[in-house]
Amino acid sequence: MHQVQLITACEGPLALNDLALELCRDFLPPDGAAFFTQMSGYDDYLADLAPKPGHRPGDALKLILPFLKSAGLTNDRLAEFSRQHLRLMPGAEAAYRFLHSLNFPLFALSAGFCPFAQAVAAKLGFVPERLSCTELDLDRYELPEAEAGELRRFLGEIAAAPAIAWPSEAKTLADLAPEVQDAVGLMERIFGDKIPHMDIGRICQEVTVMSGPEKIRALEDGLAQTGLNLTDAMYVGDSRTDAAVLEKVRAGGGVALAFNGDRRALKAAEVIVVADTAWPVALLVAVFLEWGKEGVVELAQSTRPGGSKYLAIPEAMIEPIMMGLQGGKTFNLYHPGTSRREEVIRDSEAMRRGLRGEESAGLG
């Protein structure tokens, strides 16, 4: 049996929440959902179309913090909200109970705020020392009332602005529609000129979102703890904040698995799962334990037309895995070399929408 280490993203593979969206929707009514959607579009713009020094995918999570602070969000309220609104991936509790019983190291990495990641980890049996997430202490920041009023005005302007979106062929700001250019200009004024000069602005400077570079460091730290190597690692991710880690694991000889991933995660992965239950991860871990990476890739490739190979796993593993898989209706396994790539992307994104909802499925 091979030595393996499973490292999984939190939101997506383990939980169905988009906590940042949910916080904005519930704490910043009536415009909170529209506000966060616009923030996510601005995040994509800075990451893809007009890279800004120091900005990384996922940094929208810290840019929303002054607004949430102005709405009265505290450490205790964030922790309570996380526990009350937690929605796990179907089958996750049983699947991870089974995986923990196999006595190999499991780690979780989350771009989300730690109170939410900790709620997920507690439900699924991850030890706190093997969880990495975005550290946040809301209570140490003061917000003058004058700034709170100004933030409320900014929020209304952001939510009312045209959506920040662009055609795939766009390369620069000049390629965007005039109204979208105006919306980007509004965001630049608010987040480039206004908020950095506020007292509360330092929260955006001091909070570090666990995005690609931080997740890679956490991956490396976890492997150092266990003495294992990248070749022993299976990383499960679903979004753009996982893409760099998937690429790192793939290049290092481990298993890079996109689970109901977006386009960016699918591009970086070596194995693709589209499923409505968490149990396919358990199956692929069992194959990884028995047959190494070659077995996982072979299984994924066997789903191509004409593929018919079979990989055996121990009988003690077969029954719980098969029973778990029967709890879902969909389990599609792909190798990125498939000729049906665009179909696979549509399949994966449709599953994301079905499980997580239209609002959050397209957000990174």
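The values are calculated or read from the model by the stated rules, or taken from the named source; none is laboratory data. This is a predicted model, so every value here is computed, not measured. Here the Cβ is made from the backbone with ideal geometry for all residues, glycine too, and neighbour counts use every protein chain on show. Areas reflect the complete protein model, heavy atoms only, side chains present, ligands, DNA and RNA absent. Shrake-Rupley method; radii C 1.70, N 1.55, O 1.52, S 1.80 Å.
Give a quick list of trypsin sites (Lys or Arg not before Pro) in segment 120-213 that DSSP marks as loop, anything other than H, G, I, E or B, with at most 14 other Cβ atoms within 10 Å. Present the calculation step by step, with values, prior to reporting the outcome.
Values: sites: K123, R130, R140, R152, R153, K171, R189, K194, R202; in loops: K171.
Those that pass, being in a loop and sparsely packed, are K171.
Tally Lys/Arg at +1 and Asp/Glu at -1 over every other residue whose Cβ is under 13 Å from the Cβ of A111; what's the total?
Overall, the nearby charge balance is -4.
Kindly report, to the nearest 10 Å², the accessible surface of D137 as traced by a 1.4 Å probe over protein heavy atoms only.
Number for this one is 70 Å².
Would you kindly state the longest site-free stretch of the chain, with sites defined as GluC sites (Glu not before Pro) in a DSSP loop (not H, G, I, E, B) surrounded by at most 15 other Cβ atoms within 10 Å?
So the longest stretch without any such site is 170-364.
So in the chain, which Cys have no other cysteine's beta-carbon sitting under 4.7 angstrom from theirs?
C10, C24, C204 - these cysteines have no disulfide-compatible partner (Cβ-Cβ under 4.7 Å) in the chain.
Indicate, rounded to the nearest 5 percent, the antiparallel portion of the DSSP beta bridges found entirely in the chain.
Of those bridges, close to 20 percent are antiparallel.
Assuming R0 = 41 Å, what is the FRET efficiency of S302 and V127, from their Cβ-Cβ distance, to the nearest 0.05?
Once the sixth-power term is evaluated, E becomes 0.75.
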